[in-house]
1. Are any residues in the range 54-80 among the acidic types (Asp, Glu) and over 27 Å from the mean Cα position of the chain (by Cα), and if so, which ones?
2. Examine the range 228-239 for a residue that is in contact with a Ser or Thr (Cβ under 9 Å, 6 or more places away or on another chain) and more than 21 Å from Pro202 (Cβ to Cβ), and state whether such a residue exists.
3. Mind telling me which of the residues Leu404, Leu416, Leu392, Leu376 ends up being without any contact (Cβ under 8 Å) to a residue 24 or more places away in the chain and over 18 Å from Lys22 (Cβ atoms)?
4. Do you know which residues across the range 415-431 are surrounded by fewer than 16 Cβ atoms within 10 Å (Cβ to Cβ) and either among the charged types (D, E, K, R) or farther than 26 Å from Arg320 by Cβ (or both)?
5. Hey, can you tell me all the residues within the range 364-414 that are open to solvent by 70 Å² or more (accessible area, probe 1.4 Å), of a type in the set (A, V, I, L, M, F, W, C) and either in a helix (DSSP H, G or I) or closer than 14 Å to Trp427 by Cβ (or both)?
6. Kindly indicate the residue of the range 294-342 that is assigned to a loop (DSSP other than H, G, I, E, B) and in contact with a Lys or Arg (Cβ under 6 Å, 6 or more places away or on another chain) and also nearest to Leu421 (Cα to Cα) among those meeting that condition.
7. In contact with a Ser or Thr (Cβ under 9 Å, 6 or more places away or on another chain), in contact (Cβ under 8 Å) with a residue 40 or more places away in the chain, charged (D, E, K, R) and closer than 17 Å to Val225 by Cα: is that true of Glu20 in this structure?
8. Consider the range 186-206. How many of its residues are closer than 27 Å to Ser246 by Cβ and either part of a loop (DSSP other than H, G, I, E, B) or out of contact with any strand residue (DSSP E or B) (no Cβ under 7 Å at 6 or more places or on another chain) (or both)?
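The values are calculated or read from the model by the stated rules, or taken from the named source; none is laboratory data. These numbers come from a predicted model, not from an experiment. FYI the Cβ positions are ideal-geometry reconstructions off the backbone, even for glycines, and counts take in every protein chain you see. The accessibility values were calculated without ligands, DNA or RNA, using every heavy atom of the protein model including side chains. Shrake-Rupley method; radii C 1.70, N 1.55, O 1.52, S 1.80 Å.
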Amino acid sequence: RYEPTWSSLDARPLPAWFDEAKFGVFIHWGVFSVPSFGSEWFWWYWQKEKREPYVKFMEANYPPGFSYEDFGPLFTAEFFDPNQWADILKASGAKYVVLTSKHHEGFTLWGSKYSWNWNAVDVGPKRDLVAELATSIRNRTDLHFGLYHSLFEWFNRLFLEDATNAFKTRKFPTSKSLPELYEIVAKYQPEIIWSDGDGNAPDTYWNSTGFLAWLYNDSPVRDTVVTNDRWGAGSMCTHGGFYTCSDRYNPGHLLPHKWENCMTIDRSSWGYRREARLGDYLTIEDLVKQLAETVSCGGNLLMNIGPTHDGRIAVVFEERLRQVGAWLKVNGEAIYGTKPWRAQNDTVAPGVWYTFSPKEGKVNAIFLNWPASGTLELGEPQAKLGETQVKLAGYKELLKWVALGEKGMVIALPQLTPQQLPCQWGWTLQLTDVN
């Protein structure tokens with residue numbers, strides 16, 4: 001049994017499915033999806049920091065005295081079709097999904113008995129959005145279902161009172177945050193608890209180790225659940241399950257501990273933004289590059305979309321997800337279930353990232369630019385005459401190559417028309433029997 005101490009909890013092995021999955025989709029959805037302007041931090045930037053664009057936006061579009069709580073009934077979700085969401089997520093090639101069950105605004109997407117009149121069953125959709133999505137994901141896909149949960153809430157009076165007392169009192173975690181965590185685990189049995197928002201309070205204030213000990217010992221998901229590292233001030237990148245370290249974390253080198261790169265398709269927001277321009281969204285080339293870099297360095301990629309207040313996944317997000325899925329259909333062997341190779345990227349060829357498939361003993365070289373010369377020189381793999389074989393994922397014939405001894409090898413790529421290419425954005429060479 002795990003003790004409620006970091007030394008005991010940190011010794012728990014991460015369930016194997018998470019490292020094998022490699023790719024998940026993050027969904028930021030809540031009352032912030034109603035103004036859908038600027039950021040999911042809308043309430044904070046408007047009311048607390050009084051940032052000019054937010055203040056002006058409210059003055060121009062809403063009557064005087066309109067409060068953030070007044071957005072609640074406007075979060076309607078009338079077009080939310082959980083089966084359609086599940087089908088898009090499945091088509092993306094993702095192996096897990098993480099939904100914001102509650103963001104820093106405190107509004108819960110399920111009918112929490114600890115969030116009276118500020119939840120999706122009492123206000124707005126009048127639906128248990130968490131339950132509906134969980135059911136569709138489990139009925140229609142093999143994705144692991146996970147939930148994001150914010151520990152703190154910007155404007156909750158109990159939290160503000162505890163903060164004034166330098167967190168010597170613990171009214172908020174004992175009456176709101178912790179009961180909610182136990183509630184979502186019991187009700188929805190998520191296989192990921194993605195914690196966030198420590199409010200600068202230490203893990204002792206949140207009783208994070210107590211909760212995690214229960215989660216790992218006695219909860220209905222004790223054998224399969226994975227957790228992240230955001231459990232109180234100072235725990236990030238040091239305690240918990242996998243490390244996130246910061247938003248959009250992509251170190252570019254191998255890390256000794258399992259980590260995740262959580263990032264957004266919209267460069268500047270996690271929630272949906274109506275004012276976003278096309279150039280604000282990462283291209284499919286950007287996303288394939290992020291995926292290859294992240295996985296080669298031992299990480300998972302958690303790619304975020306922000307649905308609309310009425311429950312739609314905007315077409316641009318759907319297109320990106322389906323494009324990633326199409327790429328993974330061809331190149332998935334270089335991603336799923338792989339381990340980092342001895343080299344993460346190539347020394348000679350720029351834009352080449354390596355993974356290793358342990359079962360097949362294959363080295364995968366993912367290259368992001370098709371060379372004009374038709375040949376690709378790799379400095380890392382050393383070929384063995386008469387033994388090494390090189391394949392292009394999605395192309396039948398073996399490729400010809402020349403060994404350069406310790407300097408690597410040169411591979412002749414097939415001469416293909418654009419229509420004949422196995423995919424459009426990044427390709428995989430599969431090398432067997434190389435040093």
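1. Those that are among the acidic types (Asp, Glu) and over 27 Å from the mean Cα position of the chain (by Cα): Glu59, Glu69, Asp70.
2. The answer is no, given that none of the residues of the range 228-239 is in contact with a Ser or Thr (Cβ under 9 Å, 6 or more places away or on another chain) and more than 21 Å from Pro202 (Cβ to Cβ).
3. Leu416
4. Answer for the range 415-431, where residues must be surrounded by fewer than 16 Cβ atoms within 10 Å (Cβ to Cβ) and either among the charged types (D, E, K, R) or farther than 26 Å from Arg320 by Cβ (or both): just Gln415.
5. The one that is open to solvent by 70 Å² or more (accessible area, probe 1.4 Å), of a type in the set (A, V, I, L, M, F, W, C) and either in a helix (DSSP H, G or I) or closer than 14 Å to Trp427 by Cβ (or both): Trp370.
6. The qualifying residue nearest to Leu421 (Cα to Cα) is Ile335.
7. Yes.
8. The qualifying residues number 12.
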